[in-house]
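The values are calculated or read from the model by the stated rules, or taken from the named source; none is laboratory data. Values in this document were obtained by computation on a predicted structure and should not be read as measured data. Note that we place each Cβ from the backbone using ideal geometry, even for glycine, and neighbour counts take in every protein chain shown. Remember, those area values only see protein heavy atoms, side chains included, never the ligands or the DNA or RNA. Shrake-Rupley method; radii C 1.70, N 1.55, O 1.52, S 1.80 Å.
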Amino acid sequence: MEFTEYLNERVAPSTSKRYQREVRLFSSYQSSKNQSIQSTTYTDIMNYIGQLRKEKKNVVCSLYGIKKYCEYLVTIGVRKDNPSRSIKLKDKTSREIQLQDFFTTQELEQLLDRKERYSLLVNRNKLIGSLLIYQGLTNGEIKSIELKDIDLERGTIYIQQGRRTNSRSLKLKAKQVYWLMNYIEKDRIELLKEETEILIINQKGKAETGDGISYLVETMRSMFPERKLNAKTIRQSVITNLLKQGKDLRLVQAFAGHKYPSTTEKYKQSQVEELKLEILKYHPLK
């Protein structure tokens, strides 16, 4: 079994391509050290990760790709051990709200104008994009939605409790109900190859793992090449825009599913910082 075939049976096509690319890069790194990728050691991998950190590259995706390759070598009997098994990254992701990454409501709406190559995915991808920009859902929340969580008659969607968020029921826009109806009654049935109650089905016909959602957002980045666009910055923008519109802090907290008021208050504080930047922009201190 080839590595490509091994990956395609386990992850989405887009993820498979990324992992293959990361493995090729790691293989080149090993070759530069006169070492074979198949004889990779724990130290080799950690040295490579250290190099990527110095170059400020995507360490997480690289490690996942290498882990899959090591798993593959064990599966086909080339190796008996997996040197990557115990490696866990402890890089801290900043939770600060970055003002330069905010998107206005109008800018977020533009994301839904993305052209879709496959007609079978039009309603699904419109739905995913709209859940990001209208309900401000996280990647994890979207991939966890089940069919029973949808109430088309009332036009609502139930969001299950997560590790950092509360459960809640959110109102859907009319066009979202339209996309949902078409997707559930037709597209989802055609896509489905493995029975599941999960709402979003990936291109392989299985329950969405989250990779497809991340990839969809990646395809939108060309609209704002100078900005950091991902599910997190979209969610932060949605919440900030609601507060800018004067929505009550407690209502926004419930909408976002924040477990603590202090989390929502960070977004309120960001507006103060944004105002300061605007003042300095037009009335700089001398």
Solvent-accessible area of M223 with every protein chain in place, 1.4 Å probe, in Å² to the nearest 10: 70 Å²
Whole-Å semi-axes of the ellipsoid equivalent to the chain (Cα gyration tensor, √5λ, descending): 36, 28, 17
Net charge, T4 excluded, C-beta distance under 15 Å - Lys, Arg +1, Asp, Glu -1: +2
Residue-wise HN-Hα coupling along region 10-21, computed from phi with Karplus coefficients 6.51, -1.76, 1.60 (Hz; x: Gly, Pro): 10, 9, 5, x, 5, 5, 4, 5, 5, 5, 4, 5
All lysines inside 27 Å of K56 as judged from Cα atoms, apart from same-chain residues fewer than 8 positions distant: K17, K33, K67, K68, K88, K90, K92, K228, K232
Magnitude of the charge dipole, the chain, Cβ model with Lys/Arg +1 and Asp/Glu -1, debye to 20: 860 debye
Most mobile of Q245, Q203, Q253 in a GNM of the chain (Cα contacts under 10 Å): Q245
Per-residue ³J(HN,Hα) for region 206-212, Karplus 6.51 cos²θ - 1.76 cosθ + 1.60, θ = phi - 60°, Hz, x for Gly and Pro: 10, 4, 4, 9, x, 5, x
3J(HN,Hα) from dihedral phi, region 160-173, Karplus parametrisation 6.51/-1.76/1.60, rounded to Hz, x for glycine, proline: 5, 5, x, 5, 10, 10, 7, 6, 6, 10, 10, 6, 9, 7
Solvent-accessible area, 1.4 Å probe, carbon plus sulfur percent, for region 213-252: 52 percent
Distance histogram in 5 Å bins (all Cα pairs of region 1-157, percent per bin): 1, 7, 12, 14, 14, 13, 12, 11, 8, 4, 1, 0, 0
Probe 1.4 Å, accessible area per residue of region 27-177, Å²: 59 Å²
Residue-level accessible surface for Y178, protein heavy atoms, 1.4 Å, Å²: 140 Å²
